[in-house]
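K.L.:
Let me give you the structure first, and then I'll get to my questions.
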Amino acid sequence: MSVANPEPHRVSRSRQTNRPPSTRHHQQQSSRVPLRQLLRVTSIAGGIQFGWALQLSLLTPYVQELGIPHKWASIIWLCGPLSGLFVQPLVGVISDRCTSRFGRRRPFIVAGSLLIAISVLIIGHSADIGWWLGDRGGVRPRAIGAFVFGFWILDVANNMTQGPCRALLADLTGKDHRRTRVANAYFSLFMAIGNILGFATGSYNGWYKVFPFTVTSACNIDCANLKSAFYLDVVFMGITACISISAAQESPLDLPARSMLADEETPGQSNSEQEAFLWELFGTFRCFPSTVWIILVVTALNWIGWFPFLLFDTDWMGREIYGGKPNEGQNYNTGVRMGAFGLMFNSVILGVTSVLMEKLCSKWGAGFLWGLSNILMALCFLSMLVLSYVASHIGYMGHNLPPDSIVVIALVIFAVLGMPLAITYSVPYAMVSSRIESLGLGQGLSMGVLNLAIVLPQFGKYGSSPENAFSLASISSKSELLCAV
């Protein structure tokens with residue numbers, strides 16, 4: 001039976017003072033990492049986010065075209081928080097202890113990138129796979145099965161890749177908090193670039209002409225456009241992964257570091273890998289000061305607001321603004337493409353904000369800037385609710401396309417949301433990384449713990465409709481919590 005250490009803070013201090021010489025030397029050298037190298041290392045965020053952009057803008061409408069009812073569409077996304085709950089913390093712990101000659105983080109980044117490429121090919125060909133297995137008619141259960149399998153593998157692969165990427169940045173920058181903020185801003189910048197390219201790809205409806213072989217008996221023009229977009233995703237992911245892993249100069253975990261990790265195990269702890277993972281994960285919570293807990297709570301509240309938007313954004317545009325339904329006329333598909341176009345503007349603003357992130361944090365402070373972004377996010381979501389109400393009472397639904405003024409307002413809201421989204425993608429990670437460093441905990445585990453604050457609130461939103469998903473009940477407390485950071 002394992003006995004909890006009654007003095008967790010003493011353990012954390014001992015980890016600081018007894019850290020192996022090679023690790024201390026690495027941290028002393030980390031501040032000398034050139035910005036150009038950090039830029040190359042973070043480029044993989046563009047490849048990951050390219051696929052995420054296609055996933056977020058096209059897959060919710062696509063599953064409904066396969067025959068899944070709208071109210072069940074969000075259930076498929078349950079893999080996101082499930083894989084984030086288990087995969088990222090577990091990968092974080094294992095990568096902290098990885099002794100591969102290729103480094104601690106890069107093997108997981110490579111494996112995750114390969115899984116991403118395989119999974120998007122399965123998703124893109126799900127209709128064809130269902131046809132080969134005997135699907136006919138409106139509802140295609142075999143295609144749905146192939147899609148769900150590929151989709152869940154994609155979520156696992158994304159979580160398997162993103163955690164080590166963030167941890168690698170923290171390894172390279174060490175105790176240089178300014179350089180840590182710059183690295184996370186670069187990461188956010190490449191996420192914006194990936195978003196721009198992904199949403200632009202998703203909004204273009206002529207890819208089937210570039211790749212005419214994608215149109216098959218089971219795959220119509222919309223399906224062929226999706227399939228073609230995922231082909232481009234595989235190419236872009238491969239390029240950015242090669243650039244990133246070639247730029248990251250990782251050293252294998254040496255023998256003194258391995259022995260130090262072994263000495264840090266508590267006497268009553270089981271040798272089982274799973275028990276070691278759970279022990280270290282929950283032991284980490286005991287070491288957190290109040291400021292880290294506040295960051296985790298505010299992050300959880302953030303994602304209660306963000307996730308419905310990221311899940312239903314293009315679907316909201318097709319249904320609430322254009323008044324369409326899947327497989328019933330062209331209004332819905334037109335709205336989905338316009339939503340992807342709006343998300344491209346969102347990504348442009350996200351990229352500009354990421355470039356200015358370091359100056360903004362230096363001038364106003366990271367916590368204050370995060371608080372302002374939460375207020376802006378709440379106002380934008382409230383505007384979406386008001387716009388939905390106005391659009392439903394104008395009288396064009398079911399007869400005509402929406403007025404240009406309604407579409408422009410929706411696009412402006414999408415674009416403005418790029419500012420708080422850029423801050424959400426970078427500031428919490430930099431704040432947690434700088435505060436975790438003093439505890440002597442592994443950065444892979446730390447990023448996994450922050451990811452728990454992101455995924456746990458998402459479980460309460462599945463099965464909801466877009467009309468109910470934009471609830472603002474929990475947003476009002478965010479800025480007040482930030483005052484304590």
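K.L.:
Taking the stretch 178-232, which residues are among the aromatic types (Phe, Trp, Tyr), out of contact with any Ser or Thr (no Cβ under 9 Å at 6 or more places or on another chain), surrounded by fewer than 22 Cβ atoms within 10 Å (Cβ to Cβ) and touching a residue at least 12 places away in the same chain (Cβ under 8 Å)? Break it down stepwise before answering.
P.N.:
Restricting attention to the stretch 178-232, the residues satisfying the condition of being among the aromatic types (Phe, Trp, Tyr) are 186-187, 190, 199, 204, 207-208, 211, 213, 230-231.
Cutting the leftovers down to out of contact with any Ser or Thr (no Cβ under 9 Å at 6 or more places or on another chain) gives us 204, 213, 230.
Of the ones still in play, those that are also surrounded by fewer than 22 Cβ atoms within 10 Å (Cβ to Cβ) are 204, 213.
Within the stretch 178-232, just TYR204 meets the criteria.
K.L.:
Taking LEU360 as meeting all but one of (1) under 30 Å from TYR62 (Cβ atoms); (2) at pLDDT 85 or above; (3) in a helix (DSSP H, G or I), write down the number of the exception.
P.N.:
(1)
K.L.:
Assuming ALA127 fulfils every condition listed in (1) within 21 Å of MET237 (Cβ to Cβ); (2) modelled with pLDDT of 85 or more; (3) buried (at least 24 other Cβ atoms within 10 Å of the Cβ) apart from one, which condition is it?
P.N.:
(1)
K.L.:
Residues to consider are LEU343, LEU350; find the one that is open to solvent by less than 20 Å² (accessible area, probe 1.4 Å) and in contact with an Asp or Glu (Cβ under 8 Å, 6 or more places away or on another chain). Don't jump to the end; show me each part of the working.
P.N.:
Details: LEU350 fails: in contact with an Asp or Glu (Cβ under 8 Å, 6 or more places away or on another chain).
None of the others qualify; the one that does is LEU343.
K.L.:
Check off (1) open to solvent by less than 10 Å² (accessible area, probe 1.4 Å); (2) among the hydroxyl-bearing types (Ser, Thr, Tyr); (3) modelled with pLDDT under 65 for THR266 and give me the number that stays unchecked.
P.N.:
(1)
K.L.:
Out of SER290, SER203, I need the residue that is modelled with pLDDT under 85 and farther than 30 Å from VAL432 by Cα. Which one?
P.N.:
Working: SER290 fails: farther than 30 Å from VAL432 by Cα.
After applying the criteria, what remains is SER203.
K.L.:
Could you tell me whether the stretch 62-85 includes any residue that is hydrophobic (A, V, I, L, M, F, W, C), open to solvent by less than 10 Å² (accessible area, probe 1.4 Å) and modelled with pLDDT of 85 or more?
P.N.:
No, the stretch 62-85 has no match at all.
K.L.:
Check whether at least one residue in the stretch 353-366 is open to solvent by 30 Å² or more (accessible area, probe 1.4 Å), over 28 Å from the mean Cα position of the chain (by Cα) and touching a residue at least 60 places away in the same chain (Cβ under 8 Å), and report yes or no.
P.N.:
no
K.L.:
For the stretch 377-485, please list each of the helices (runs of 4 or more DSSP H) lying entirely inside it that holds at least 3 residues being modelled with pLDDT of 55 or more and buried (at least 19 other Cβ atoms within 10 Å of the Cβ). Give the steps one after another, and end with the answer.
P.N.:
Details: elements: 404-416, 418-437, 443-455, 466-469, 478-482.
Qualifying helices (runs of 4 or more DSSP H): 404-416, 418-437, 443-455.
K.L.:
State which residue pairs qualify: first residue farther than 16 Å from VAL148 by Cβ and inside the stretch 112-128, second residue charged (D, E, K, R) in any location, beta carbons under 9 Å apart, and separation of 6 or more residues or different chains.
P.N.:
As it stands, the answer is ILE116/ASP233; ALA117/ASP233, since those pairs meet every condition given.
K.L.:
I need a count of the residues in the stretch 139-153 that are open to solvent by 60 Å² or more (accessible area, probe 1.4 Å) and over 15 Å from SER217 (Cβ atoms). Walk me through how you get there before you give the answer.
P.N.:
As a first pass, look at the stretch 139-153 and keep what is open to solvent by 60 Å² or more (accessible area, probe 1.4 Å): 139, 141-142, 149, 152.
Then keep just the ones that are over 15 Å from SER217 (Cβ atoms); that gives 139, 141, 149, 152.
Going through the stretch 139-153 one residue at a time, the tally reaches 4.
The values are calculated or read from the model by the stated rules, or taken from the named source; none is laboratory data. Please read all numbers here as calculations on a predicted model, not as lab measurements. Neighbour counts are summed over all protein chains in view; Cβ atoms, including those assigned to glycine, are modelled from backbone coordinates with ideal geometry. What goes into the accessible areas is simple: the full protein's heavy atoms, side chains included, and nothing from ligands, DNA or RNA. Shrake-Rupley method; radii C 1.70, N 1.55, O 1.52, S 1.80 Å.
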